[in-house]
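Reviewing the structure listed below.
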Amino acid sequence: MAGISRDDVLHVARLARLELTDDEVTKFQGQLSAILEAVSTVSELDLSDVPPTAHPLEIENAWAEDVPRPSLSHDEAFANAPDREENLFRVPPA
Amino acid sequence: MSAIDTLRLTAEEAKKLLEAREVSGDELFAAYLAAIGERDPELHAYLYVCAGAESGGDGIPIAIKDVIGTKGVPTTAGSKMLESYVPVYDATVIERCKAHGLRMLGKTNTDEFAMGSSTENSAYGPTHNPWDPTRVPGGSGGGSAAAVAGGLAPWALGSDTGGSIKQPAALCGNVGLRPTYGTVSRYGVVAFASSLDQVGPVAKTVRDCAYLYSIISGRDANDSTTVDVPQVELPTAQDLRGVRVGVPKELNDAEGIEPGVRDAVRKAVELAESLGAEVGECSLPRSVEYGLACYYLIAPAEASSNLARYDGVRYGLRDQGADFREMVMRTRDAGFGDEPKRRIMLGTYALSSGYYDANYGKAQRVRTLIKREHDAAFESFDVLVSPTSPTVAFELGAKVDNPLAMYLNDLLTIPSCMAGLPGLSIPCGLSEGLPVGLQLIGPQFAENALFRTAHALEGALAFDVVPERYRS
């Protein structure tokens with residue numbers, strides 16, 4: 001998987017909703033290729049009989065009582081909003 | 001009141017002075033503000049210094065890494081994305097500090113979204129190492145470590161994903177604990193990689209570190225990954241009789257470890273033996289060989305998901321765009337610096353269709369191997385030791401253009417993070433006039449064993465935590 005193309009960089013950037021300049025695409029293509037080459041060592045290992053670890057602790061289901069409690073007011077929840085219309089976040093048309 | 005030497009005063013000593021009413025909370029706070037005024041223009045440890053009531057409390061002052069949300073006080077995570085963000089609630093760790101009367105001095109510098117090993121990725125400029133301001137303080141928590149080493153705070157909170165508490169502590173000559181995963185709440189903390197992120201203390205002494213850990217740890221209903229934590233014991237023993245210390249070969253012989261670092265660590269291990277510890281060699285072959293690769297698949301994958309929330313809608317930066325999609329893409333281009341962009345793309349790639357099994361899926365299996373290797377080592381040993389960082393503090397700018405070289409700084413801290421284990425770094429000597437960190441790793445929830453071992457070593461090492469250039 002080592003080495004990714006310019007199109008790969010653009011594809012991944014689109015998936016991640018990042019608008020990149022041409023210079024950024026060039027720079028990241030080189031850097032990401034080097035990093036991917038370094039991390040590709042994991043593919044050497046045969047791990048078909050090793051289960052995956054998603055989480056370092058063996059906890060199952062943390063339950064909480066479903067009890068109403070005070071939460072943020074509308075004004076608090078919107079305090080950092082870039083744009084607000086009544087009790088909605090306002091954004092450009094989709 | 002006698003003059004307060006903020007370079008030497010420990011939190012424990014500050015507590016005694018306050019309890020004996022030899023100083024007031026205001027006098028103590030003012031002494032640190034004066035030190036910040038004097039030395040922070042050079043160090044740039046702080047992004048924000050608290051004034052008046054926003055500091056809260058009247059007890060021991062504390063500095064807070066700027067990824068930890070503080071009600072009414074700006075929290076930028078070192079990013080332009082959150083330049084104007086002011087949280088409307090406190091992180092659980094802040095609530096706990098406030099409940100103990102701790103008084104916030106300010107918010108400390110960090111690599112953007114805690115991604116980095118030098119604090120040079122901060123959108124607000126780098127922090128300088130108090131031992132030598134031409135060098136980095138480590139990262140991502142370089143601000144907290146530099147604040148403690150520079151006498152700008154008696155202690156501080158940091159956060160650690162792959163080494164962001166331990167490595168800066170090593171480079172700045174202080175004591176840093178990355179606690180066991182699940183012992184400290186992340187509620188209200190800016191998320192980077194959720195299966196790895198932990199909040200922890202940075203201090204001048206092991207006892208201060210243990211005390212601050214006792215304040216912030218414990219189950220939190222707002223973070224379902226937290227669990228009940230064993231009672232913290234402030235260490236007192238001066239010897240290491242009955243303690244089995246393992247020296248993992250690969251963590252101590254890894255390529256890139258500087259000779260001066262190796263020597264200082266070897267002397268600390270000999271000292272442990274002279275204090276009564278049983279010292280033996282052990283092995284973590286695949287943890288070290290594949291740990292870094294495993295981390296740089298898993299952490300960016302989780303980061304790409306966590307950082308999807310920065311879309312210009314609910315909080316943080318918004319750039320202009322003709323439609324919604326354009327607004328989001330421009331916001332993310334303008335708000336994120338290079339390192340978050342690299343990691344978001346790396347993570348998106350690792351998780352993308354067709355590559356998932358070979359990348360993320362494989363890394364999760366490697367994580368199981370790393371956990372098993374550590375479990376096996378802890379059948380014979382109570383504590384494992386190694387250098388914290390392969391090198392002492394390096395020159396500012398030396399690695400900024402080579403992300404892969406920067407990532408290698410965390411070679412020795414990453415494996416235990418992947419296994420969810422606690423790790424403590426203490427200063428164990430100097431190399432080229434700069435501090436060397438000794439890393440102590442324990443089984444999950446064995447913080448007390450780390451405190452005990454590190455406290456005895458700290459006494460015997462007698463390392464002077466005040467940077468040489470500040471000594472009068």
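Exposed loop sites here are trypsin sites (Lys or Arg not before Pro) assigned a DSSP state other than H, G, I, E or B and surrounded by at most 11 other beta carbons within 10 Å; excluding them, the longest clear run of chain B is B:242-470. With a/c under 1.5 counting as rounded, go ahead and sort segment B:60-200 into rounded, prolate or oblate using the C-alpha gyration tensor (a ≥ b ≥ c being the square roots of the eigenvalues; past the cut-off, prolate if a/b is larger than b/c, else oblate). Since a/c stays below 1.5, the shape of segment B:60-200 is classed as rounded. Taking 22 Å as the limit for the C-alpha separation, the pairs B:Lys65/B:Lys98; B:Lys166/B:Lys371; B:Lys267/B:Lys371; B:Lys71/B:Lys98; A:Lys27/B:Lys107; B:Lys15/B:Lys98 exceed it in the case of B:Lys267/B:Lys371; A:Lys27/B:Lys107. Only alpha carbons enter this Debye calculation for the protein assembly as shown, each as an equal point scatterer, and the log10 of I(q)/I(0) it gives at q = 0.07, 0.12, 0.13 Å⁻¹ is -0.37, -1.16, -1.36.
Near B:Tyr124, within a Cβ-to-Cβ distance under 12 Å, what is the net charge of the other residues, with Lys and Arg +1 and Asp and Glu -1? The answer is -3. Above 14 Å, the calculated P(r) of segment B:102-155 contains 45 percent of its Cα-Cα pairs. Summarised in one figure, the compactness ratio Rg/Rh of segment B:185-307, Cα atoms and Kirkwood Rh, is 1.02.
Diffusion coefficient (Stokes-Einstein, Kirkwood radius over C-alpha pairs, 37 °C, 0.692 mPa s) for segment B:361-472: 207 µm²/s, rounded to a whole number.
With a ≥ b ≥ c the root eigenvalues of the C-alpha gyration tensor of segment B:1-142, is it rounded (a/c under 1.5), prolate (a/b larger than b/c) or oblate? Here segment B:1-142 falls in the oblate category. Projected over every direction and averaged, the convex hull enclosing the alpha-carbon atoms of chain B yields 21.0 nm². For segment A:1-49, the alpha-carbon radius of gyration amounts to 1.36 times the rule-of-thumb value 2.2 N^0.38 Å expected for a compact globular protein.
For Cα pairs less than 8 Å apart in space and 6+ apart in sequence, what is the mean separation divided by the residue count of chain A, i.e. the relative contact order in percent?
Relative contact order of chain A: 24 percent.
Here's the list of aspartates and glutamates a cross-link from B:Lys204 could span, going by alpha-carbon distance under 19 Å and ignoring same-chain residues fewer than 8 apart: B:Asp5, B:Glu12, B:Glu13, B:Asp40, B:Asp132, B:Asp160, B:Glu233, B:Glu447, B:Glu458, B:Asp464, B:Glu468. Between B:Glu22 and A:Trp63, how high is the FRET efficiency from 1/(1 + (r/R0)^6) when r is the Cβ-Cβ distance and R₀ = 51 Å? Nearest 0.05. Computed FRET efficiency for B:Glu22 and A:Trp63 comes out at 0.60. Under conditions of 37 °C and 0.692 mPa s, chain A yields 171 µm² s⁻¹ as its translational diffusion coefficient, taking Rh as the Kirkwood radius over Cα pairs in the Stokes-Einstein equation. Taking a sphere under 13 Å around the Cβ of B:Val466 and counting the other residues whose Cβ falls inside, with K and R at +1 and D and E at -1, yields a net charge of +2. Seen from B:Lys98, the other residues with C-beta closer than 10 Å to its C-beta sum to a net charge of +1, counting Lys and Arg as +1 and Asp and Glu as -1. Projected onto planes of every orientation and averaged, the convex hull of the alpha-carbon atoms in segment B:424-472 covers 3.9 nm².
Throughout, read-outs are computed from the coordinates displayed, never taken from laboratory work. Just so we're clear, the structure is a prediction, and the values are computed from it rather than from any experiment. Here the Cβ is made from the backbone with ideal geometry for all residues, glycine too, and neighbour counts use every protein chain on show.
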